[in-house]
Amino acid sequence: MSATGIENGLRLADFALDPATGVRVLPGELGTTSYRDGAEQYLIDAFAAVEDRSVGSDAIAALVHDWPPLYHLSP
């Protein structure tokens, strides 16, 4: 993988699972990310309380209350 790792695309296997958060991140970024907008923790906490996580879920749609969750949850 090059410095950006994007030229040939990224696969899920290219990411490492952060055991503290359960979020997959680029290798070398465990415990940190290069950018956070604040919505990440909100969504991690909110998903724990949502039973229906399917595409088109009304419960997931209800998590959108401002711009950051909207762009995280948009296709």
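Overall shape of region 36-75 was characterised from the C-alpha gyration tensor. The equivalent ellipsoid obtained from it has semi-axes of 16, 12, 8 Å, in decreasing order. Taking the Cβ-Cβ separation of Leu70 and Ala13 as r and a Förster radius of 30 Å, what is the calculated FRET efficiency to the nearest 0.05? The calculated FRET efficiency here is 0.55.
All of the numbers you see were taken from the coordinates with simple rules; none came from a lab. In this text the structure is predicted, and so the values were computed from the model without any measurement. Every residue, glycine among them, receives a Cβ derived from its backbone with ideal geometry; neighbour counts consider all protein chains shown.
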